[in-house]
Amino acid sequence: MSTIPLDYETLRLIWWALLGILLIGFAVMGGRDLGVGTLLPFVARTDAERRVLINVIGPTWEGNQVWLVLGGGAIFAAFPLYAVSFSGFYLAMIVILLALILRPVGFKFRGKVADTRWRSAWDWALFVGGFVPSLIMGVAVGNVLLGAPFYLDDTLRAFYTGNFFQLLMPFALLAGLVSVGMIVLQGAVLITGRTTGVLADRARTYGTWAGLATIVLFALGGVWVAFGMDGYAITSIVDTNGAINPLGKTVALVPGGWMTNYGLYPWMIAAPVLGFVGLVAAVLGLQARLRIPTLVASSMAIFGIISTAGLSLFPFLLPSSTVPESGLTLWDASSSHLTLFIMLLATVIFLPIILAYTAWVFRVMRGDVTTRSLEKNPNAY
């Protein structure tokens with residue numbers, strides 16, 4: 001008899017929720033940095049102004065990557081079969097990594113040469129480092145909703161049947177634009193909260209337009225999912241405490257199938273509502289020049305948008321468009337009962353430490369960033 005105090009089903013649900021929390025944490029925290037990078041060439045028009053924006057995120061961006069590392073680690077450790085997705089997404093992942101690498105290099109090398117063209121080149125590199133990951137991560141979520149082109153053989157070996165350009169489907173690109181919109185809004189909100197004068201005014205304008213565009217795109221995506229897309233549904237009995245066996249189920253394509261969960265669990269409608277309410281509140285907060293409430297609203301919008309995708313997919317992690325029965329769910333793609341429990345113990349210990357450290361860092365780094373404050377700081381970028 002197992003001595004683990006939590007049953008297998010509960011642990012699987014806990015790790016499904018934790019995975020979502022970690023990914024949302026990266027979108028909220030890392031999204032601030034990605035958004036500022038995307039806005040850098042447009043909001044800041046002089047070298048001094050661009051230095052201000054770089055130093056808004058410079059002291060904290062590395063710490064925010066912890067959420068990405070934790071999220072990626074959780075995917076592979078809690079749901080190891082999910083790694084099959086990377087066999088088809090290698091090129092996309094490489095593009096994301098190369099874009100992310102441009103950020104630390106840009107921060108370090110931009111100020112090494114007092115040449116306009118040199119610094120402008122690195123400014124656009126920082127733009128790429130913010131825009132490209134935001135877009136491709138959204139495209140990836142769109143492809144998960146569409147279903148990835150792979151299948152598993154009898155030994156659970158994965159075979160990818162698509163190519164990179166098949167990832168660029170219209171709905172996936174729409175999801176990418178939603179991602180860019182909410183990340184740009186988050187970056188604009190951070191800029192308005194940490195700067196003053198024309199920088200804050202320009203960021204307020206860009207943030208307002210990004211927020212309004214995201215509202216429209218998010219609504220369009222919802223209509224598309226409800227009326228223009230087939231979703232996947234498990235049509236066999238599922239043993240939620242059973243052993244790992246992705247091929248032990250039957251799956252069918254159902255018109256509007258990703259809306260089924262909202263009928264089964266009405267409370268889930270709170271996620272898209274939170275997304276829309278957060279976006280509207282963030283736009284209004286920008287216009288009212290409210291700092292903290294606007295940041296809370298923008299973060300709430302990110303939470304609602306990402307949660308909408310996750311709850312719509314439940315219990316799927318990665319549906320298969322090639323052989324639907326090969327699709328992965330949290331019930332048949334997780335690690336062992338013992339592994340999930342040990343990981344949970346480690347998370348209970350270390351996650352509060354990470355949260356406390358993050359809160360302390362942001363408390364120390366609080367306050368406006370201005371050209372005058374940079375002159376007093378010999379460690380500024």
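The values are calculated or read from the model by the stated rules, or taken from the named source; none is laboratory data. Note that the coordinates shown come from a computational prediction; the quantities given were computed from them, not determined experimentally. Neighbour counts are summed over all protein chains in view; Cβ atoms, including those assigned to glycine, are modelled from backbone coordinates with ideal geometry. Keep in mind that these areas ignore ligands, DNA and RNA; they rest on the heavy atoms of the full protein, side chains included. Shrake-Rupley method; radii C 1.70, N 1.55, O 1.52, S 1.80 Å.
Summary table below
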item	result
Close pairs (8 angstrom Cβ cut-off, 6 or more residues apart or separate chains): touching a residue at least 40 places away in the same chain (Cβ under 8 Å) in the stretch 22-38, charged (D, E, K, R) and part of a helix (DSSP H, G or I) anywhere	Asp33/Arg103; Gly37/Arg103
Any chance Val141 is in a helix (DSSP H, G or I), free of Cβ contacts under 8 Å to residues at least 60 places away in the same chain and surrounded by fewer than 24 Cβ atoms within 10 Å (Cβ to Cβ)	no
Hey, Met268 open to solvent by 30 Å² or more (accessible area, probe 1.4 Å) and either closer than 24 Å to Arg32 by Cα or of a type outside the set (Phe, Trp, Tyr) (or both) or not	no
Subset of the stretch 172-201 (residues that are open to solvent by 50 Å² or more (accessible area, probe 1.4 Å) and at pLDDT below 95)	Thr196, Val198, Asp201
Options Gly129, Gly162, Gly111; residue that is open to solvent by less than 30 Å² (accessible area, probe 1.4 Å) and closer than 30 Å to Gly58 by Cα	Gly129
Subset of the stretch 283-332 [open to solvent by 30 Å² or more (accessible area, probe 1.4 Å) and aliphatic (A, V, I, L, M)]	Leu284, Ala288, Leu290, Ile292, Leu295, Val296, Met300, Ile306, Val323
Residue match in the stretch 147-162 (condition: within 30 Å of Ile292 (Cα to Cα), in contact with a helix residue (DSSP H, G or I) (Cβ under 9 Å, 6 or more places away or on another chain) and either assigned to a helix (DSSP H, G or I) or not polar (S, T, N, Q) (or both))	no
Matching residues in the stretch 202-223 - criterion: being surrounded by fewer than 22 Cβ atoms within 10 Å (Cβ to Cβ) and over 21 Å from the mean Cα position of the chain (by Cα)	Arg202, Arg204, Thr205, Val223
In the stretch 326-359, the residues that are aliphatic (A, V, I, L, M), over 15 Å from Gly73 (Cβ atoms) and touching a Leu at 6+ places or on another chain (Cβ under 9 Å)	Leu328, Leu330, Ala333
Any hit, the stretch 67-84, residues being in a strand (DSSP E or B), under 30 Å from Leu13 (Cβ atoms), in contact (Cβ under 8 Å) with a residue 60 or more places away in the chain and touching an Asp or Glu at 6+ places or on another chain (Cβ under 9 Å)	no
Count - residues of the stretch 248-265 that are of a type in the set (A, V, I, L, M), in contact (Cβ under 8 Å) with a residue 12 or more places away in the chain and loosely packed, with under 15 Cβ neighbours inside 10 Å	3
Some residue of the stretch 160-175 being touching a strand residue (DSSP E or B) at 6+ places or on another chain (Cβ under 7 Å) and within 30 Å of Gly228 (Cβ to Cβ)	yes
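Table: residues versus (1) surrounded by fewer than 20 Cβ atoms within 10 Å (Cβ to Cβ); (2) at pLDDT 85 or above.
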| site | (1), (2) |
| --- | --- |
| Arg32 | no, yes |
| Ala48 | yes, yes |
| Thr60 | yes, no |
| Asn64 | no, no |
| Gly72 | yes, no |
| Leu91 | yes, no |
